[in-house]
Amino acid sequence: MPNVTPAPIAVHLQDCFFPAHSSPKCEISPLTWNHWVQCWLTHLAPDLPPAPYYELSLRLTSDREIASLNAQYRDRDTPTDVLAFAALEVELPPAEVLASEPLYLGDIVISVDTAYRQAQQQNHSLSTELVWLAAHGFLHLLGWDHPDEGSLQEMLSVQHQLLKLANLEQ
């Protein structure tokens, strides 16, 4: 795969999680999130539509809020670990817009409650779990899906590559 350097990305971090229990708060800075996602973009550049700039939103929240979103958008009234709302699912903007304006990839919402439980089950840090879930959501924003076991394994393989780029192997 050729090494293509994509345009920069802005990750708009919304850390809305205020734990009601004693789980640790994630200490990943907005600058670190931007760096990781930029590395991921560089790695996946051949699969991206060209744009002068990319944007996405990352929201760290609670089981309560993500359950509400899951019920509203997926008819599942239960918490989940990550939701991704891809802006590119409908269609790409016209070429003249792509050439001059940022390309909004979409929104990733992660439940810190669920991430914390999963990190304990997997015996790794909360930060590692959050990055794992963000990578999964990021791939969904780019059109990846896993309707069957084969596509899930392929997607998980790419997630492992993205974690390596963030220097967090799982």
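The values are calculated or read from the model by the stated rules, or taken from the named source; none is laboratory data. All figures in this text were calculated on a predicted structure; none of them were measured in a lab. Every residue, glycine among them, receives a Cβ derived from its backbone with ideal geometry; neighbour counts consider all protein chains shown.
Exactly one residue among Asp75, Asp81 is crowded, with 19+ Cβ neighbours inside 10 Å and either modelled with pLDDT under 85 or not aromatic (Phe, Trp, Tyr) (or both), and that residue is Asp81.
In segment 84-124, of all residues being in contact with a Gly (Cβ under 9 Å, 6 or more places away or on another chain) and acidic (Asp, Glu), the one that is modelled with the lowest pLDDT corresponds to Glu89.
So that you can scan it fast, the table gives a plain yes or no per residue for (1) more than 17 Å from Glu129 (Cα to Cα); (2) assigned to a loop (DSSP other than H, G, I, E, B); (3) modelled with pLDDT under 90:
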site: Ala7; (1), (2), (3): yes, yes, yes
site: Val11; (1), (2), (3): yes, no, yes
site: Phe18; (1), (2), (3): yes, yes, yes
site: His21; (1), (2), (3): yes, yes, yes
site: Glu27; (1), (2), (3): no, yes, yes
site: Pro50; (1), (2), (3): yes, yes, yes
site: Glu55; (1), (2), (3): yes, no, no
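Residues in segment 141-170 that are among the acidic types (Asp, Glu) and in a helix (DSSP H, G or I): Glu149, Glu154.
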